[in-house]
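For reference, the structure is listed below as structure tokens.
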Amino acid sequence: MIRSNNIIMVREKITVSTRTLQWKCVESAADSKRLLYGRFILSPLMKGQADTIGIAMRRALLGEIEGTCITRAKSDKISHEYSTIMGIQESVHEILMNLKEIVLRSNLYGTCEASICVRGPGYVTAQDIILPPYVEIVDNTQHIASLTEPIELVIGLQIEKNRGYLIKAPNTFQDRSYPIDPVFMPVRNANHSIHSYENGNKEILFLEIWTNGSLTPKEALHEASRNLIDLLIPFLHTKEENLNLEDNQHIVPLPPFTFYDKLAKLTKKKKKWR
């Protein structure tokens with residue numbers, strides 16, 4: 001184990017299995033509570049397999065893992081998003097952006113409510129958020145606002161668990177509540193690289209994962225793998241599933257069968273060349 005300032009790094013010598021397909025964590029680091037890193041290998045793989053797995057895993061890591069975010073804030077003192085409040089150093093917009101950066105971990109299904117109730121002067125941080133027991137703050141020191149006068153700041157919050165990135169519609173400003181565009185992506189970044197050996201016939205897949213601290217890179221790897229498998233399980237069924245379109249009111253128009261169109265165009269071109 002290597003320790004340098006706030007970074008804790010674990011390095012291991014890479015040993016590769018020659019027969020059984022195995023994975024291993026070869027490097028890990030914690031830059032802060034909100035930035036964790038892990039490097040993993042999968043081997044031995046046949047030529048071409050590492051790229052197939054690496055591309056699929058990267059997409060699953062970035063797009064298929066759920067995260068928990070603050071999605072709406074409400075306060076009677078807020079007239080509009082770009083206003084200021086007497087006795088608070090930050091503008092309303094800056095407070096909303098600070099709330100967006102709060103990293104949460106939860107066993108939540110759907111949405112829940114939380115709140116902030118603080119009297120100044122003083123600093124308002126993530127530890128001042130009153131949460132239900134199944135929601136946890138990753139870093140309590142995250143800054144929200146600075147109260148410069150003895151005023152009371154009361155904010156109601158909506159918390160949601162989802163995946164991906166959502167942009168709230170402009171018309172969702174209602175009842176003095178303001179939407180916060182959430183980023184439900186616990187994985188900040190993911191990369192894959194390939195090392196070939198045995199004259200290029202065998203490959204080692206390297207996966208690098210950075211997370212926001214709401215889960216570890218190893219947990220992200222496991223969850224992305226499960227989600228990817230769940231997406232592919234229907235193809236393992238021996239029979240096709242007949243869709244009951246009578247009960248489905250949302251009918252999607254299918255694209256034309258382009259194979260025959262392309263075949264007809266190629267045939268026409270060949271006739272012209274002749």
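Only the coordinates and a few stated rules stand behind these numbers; no lab work does. A quick note: this is a predicted structure, and the numbers were derived from the prediction, not measured. Don't worry about glycine lacking a Cβ; one is built from the backbone with ideal geometry, like all the others, and counts go over all protein chains shown.
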Rounded to the nearest 0.05, what FRET efficiency do ASP51 and THR111 have when you use their Cβ-Cβ distance and R0 = 51 Å? 0.85
If you filter the stretch 119-216 for GluC sites (Glu not before Pro), then keep DSSP loop positions with at most 10 other Cβ within 10 Å, what is left? GLU198
Given Cβ point charges of +1 (Lys, Arg) and -1 (Asp, Glu) and nothing else, what value in debye, to the nearest 20, does the dipole of the stretch 81-176 about its Cα centre take? 320
Sites matching chymotrypsin sites (Phe, Trp or Tyr not before Pro) across the stretch 90-184 that sit in DSSP coil, with at most 16 neighbouring C-beta atoms within 10 Å: TYR109, TYR134, PHE173
Which cross-chain or sequence-distant (5 or more) residues have an amide H under 5 Å from the amide H of ASN189, H modelled 1.01 Å from N in plane? TRP210
Assuming R0 = 45 Å, can you tell me the calculated FRET efficiency for the pair ILE233 and SER79, based on Cβ-Cβ distance, to the nearest 0.05? 0.30
Stokes-Einstein D for the stretch 32-98 at 25 °C, 0.890 mPa s, Kirkwood Rh over Cα pairs, in µm²/s? 147
